[in-house]
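Here is the structure we will look at, set down as structure tokens.
The values are calculated or read from the model by the stated rules, or taken from the named source; none is laboratory data. Remember, predicted model here, so these are calculated numbers, not experimental data. Using ideal geometry, Cβ is built from the backbone for each residue, glycine included, and neighbour counts are taken over all protein chains shown. Heads up: the accessible areas ignore ligands, DNA and RNA and are worked out on the full protein's heavy atoms, side chains in. Shrake-Rupley method; radii C 1.70, N 1.55, O 1.52, S 1.80 Å.
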Amino acid sequence: MIDRSKFKALFLLNPEITYLNFGSFGGCPRPIFEDYGKWQLLLESEPVQYIAHNGVEYLRKSRAALGAFIGCDADDLVYVTNPTYAVNIVAKSLPLQPGDEILATDIEYGAMDRTWNYYCGKAGATYVRQPITLPVTSHDEIVAEFMKGVTPRTKAIFISEITSSTALILPVKEICAAAKALGILTIVDGAHVPGHIPLDLSNLEADVYTGACHKWMMTPKGCTFLYVKKEYQHLFDPLVVSWGYQSANPSHSQFLDYHQMQGTRDFSAFLTVPRALEFMKEHRWNEVALENRALARLLYPKFCNLLGTEPLCPVELPYLGQICSVPINTAQPEKLQRLLFEKYRIEIPVMRQESRIFIRYSVQAYNLEQDYDRLYDALTEIAANTDLINI
Ligand SMILES: Cc1ncc(COP(=O)(O)O)c(C=O)c1O
């Protein structure tokens, strides 16, 4: 059993808040944040050395550590601030013709839907959101239902490995394999994946993959990677054109030059990845994560019963990680979320996906079982005394 009180003391989160929303923006433990501070101090003590002379080597070391962790060559990934930035690099450059289609599910993250709608709209292409029936019953069903959306015009598949408002682990390995057999490019939004569930890009066969390090790997905010298989790297222009384009001093990789040389900026968050990985190793994070996943599954039926709704998937390991979305009947999700925070001091998202509403709890190492009792009692009281929840 992990010592949850010990972890609570390591995180910087306000102890007066019952923090059940690790999923949105993560949370940085003190030792990793201290490493961030060291990098920032180094930057300000000698900006020229940090940025102009040593920056490329600092970044290489950090990419090497991350590459070893996620199963790819360090030169096949670059750091960007967030997954939206990564997907914008990809969507902006993908050579789309009028009539082409990008196939996604109807449970993708809203910012990504908007990004694809924007770039597809400009090219005369279509962003197709293939419906996924909820609750999902099996991975085979998901693959079959999703792949029905493929047409001769499908140029690429875009899919989350862990979805946002529905918090489901999707069978991306099987979908990448099916796409590969058809010669379709795959782009995976793994925002929630690194540090949460195992990730091995050498085995996954995704062509493009983005994952946030500032969520479950616990780095400071603004640390995300974009991985692109070597054979597709030439497709993607820099989102911000700077010194790395038509470089006067090109490195061995145009991909790195294009996306790494982005003008003056503080890339200290990118450099904390080795310390974050060390922290995870020190604290046997594989075991911590599995225990958190077990607690998340234990709680799921309990909250569904309380709210009179059904789980979104079988309550089993392959479908659920450390976030769970409970369907909730409420006409005012924003008001409910505000009330939970202001009156009960519970930070938890109440999220919309079209007309459906979900309350999504996270389970991280610092969360005590009493945190979920507090949520349970708050929801019970709100349901009894207000019209915000219909049970
Ligand atoms: C599936 C998914 N993609 C992407 C993101 C984050 O993207 P960004 O930080 O760029 O807003 C999230 C955030 O929670 C997410 O759930």
Legend entry - Area of L134 that stays accessible when all protein chains are in place (1.4 Å probe, Å², to 10): 30 Å²
Inset, instruction - Roll a 1.4 Å probe over the protein heavy atoms and report the accessible area of E141 in Å², nearest 10. - result: 100 Å²
Legend entry - Phi to ³J(HN,Hα) by Karplus 6.51 cos²θ - 1.76 cosθ + 1.60 over the stretch 161-175, Hz, x for Gly, Pro: 7, 10, 7, 7, 6, 9, 6, 9, 8, 9, x, 5, 4, 5, 5
Legend entry - Separation of alpha-carbon centers, the stretch 303-323 and the stretch 224-258, rounded to whole Å: 41 Å
Legend entry - Prolate/oblate/rounded label for the stretch 313-357 (Cα gyration tensor, a/c 1.5): oblate
Legend entry - Where Cα atoms sit under 20 Å apart: lysine pairs in the stretch 32-279 separated by 8 or more or lying on different chains: 20
Legend entry - Protection proxy ranking of 339-349, 9-19 - average other beta-carbon atoms within 10 Å, highest first: 339-349, 9-19
Legend entry - Where F25, F303 fall by accessible area, highest first, once all protein chains stay in place (1.4 Å): F25, F303
Inset, instruction - Please report, as a whole percent, how much of the solvent-accessible surface of the stretch 32-279 comes from carbon and sulfur atoms (probe radius 1.4 Å). - result: 55 percent
Inset, instruction - Quote the FRET efficiency, to the nearest 0.05, computed for D237 versus I17 with a Förster distance R0 of 51 Å and r equal to the Cβ-Cβ distance. - result: 0.75
Legend entry - Whether the stretch 132-276 is rounded, prolate or oblate, judged on the alpha carbon gyration tensor where a/c under 1.5 counts as rounded: oblate
Legend entry - Probe 1.4 Å, accessible area per residue of the chain, Å²: 43 Å²
Legend entry - Anisotropy class of the chain from Cα gyration tensor, a/c 1.5 cut: oblate
Legend entry - Spin-label zone in the stretch 155-199 - amide nitrogen under 19 Å from a point set 7 Å from the Cα of L290 along the C-beta vector: 194-199
Legend entry - Nearest-10 value in Å² for the accessible area of F236, using the 1.4 Å probe: 0 Å²
Legend entry - Residue-by-residue Karplus 3J(HN,Hα) for the stretch 54-68, coefficients 6.51, -1.76, 1.60, Hz, glycine and proline x: 9, x, 4, 6, 4, 5, 4, 5, 5, 5, 5, 5, 5, x, 5
Legend entry - Relative contact order %, the chain, counting alpha carbon pairs below 8 Å whose residues are six or more apart: 22 percent
Legend entry - Of W285, W243, W116, the one that fluctuates the most in a GNM where the chain has Cα springs shorter than 10 Å: W243
Inset, instruction - In debye, nearest 20, what is the charge dipole magnitude of the chain about its Cα centre with +1 on Lys and Arg Cβ and -1 on Asp and Glu Cβ, if you could check? - result: 340 debye
Inset, instruction - Could you calculate the FRET efficiency of E369 with R153 from 1/(1 + (r/R0)^6), where r is the beta carbon distance between them and R0 is 41 Å, rounded to 0.05? - result: 0.20
Inset, instruction - Could you let me know the centre-to-centre spacing of the stretch 78-141 and the stretch 1-42, using Cα atoms, in angstrom? - result: 32 Å
Legend entry - Across the chain: Cys residues that no other cysteine approaches within a C-beta distance under 4.7 Å: C28, C72, C120, C176, C304, C313, C324
Inset, instruction - Can you find, among P131, N54, G244, the residue farthest towards the positive end of the dipole of the stretch 32-279? Put +1 on the C-beta of Lys and Arg, -1 on that of Asp and Glu. - result: G244
Legend entry - Dipole of the stretch 196-240 [Lys/Arg +1, Asp/Glu -1 at C-beta], most positive-end residue of G211, C223, Q233: C223
Legend entry - Helix-only mean residue ellipticity at 222 nm for the chain, each DSSP H run of n ≥ 4 adding -39500 (n - 2.57), per residue, nearest 500: -12500 deg cm²/dmol
Legend entry - the stretch 377-387 - phi-based ³J(HN,Hα) in whole Hz, Karplus 6.51/-1.76/1.60, Gly and Pro as x: 5, 5, 5, 4, 5, 5, 5, 6, 10, 9, 9
Legend entry - Heavy-atom accessible area order for K229, K38, K302, largest first, 1.4 Å probe: K38, K302, K229
Legend entry - Amide H partners (placed H, <5 Å) of T154, local residues excluded: E101
Legend entry - Label-point gap, in nm, between Q49 and D200 - each point 7 angstrom along Cα→Cβ: 4.1 nm
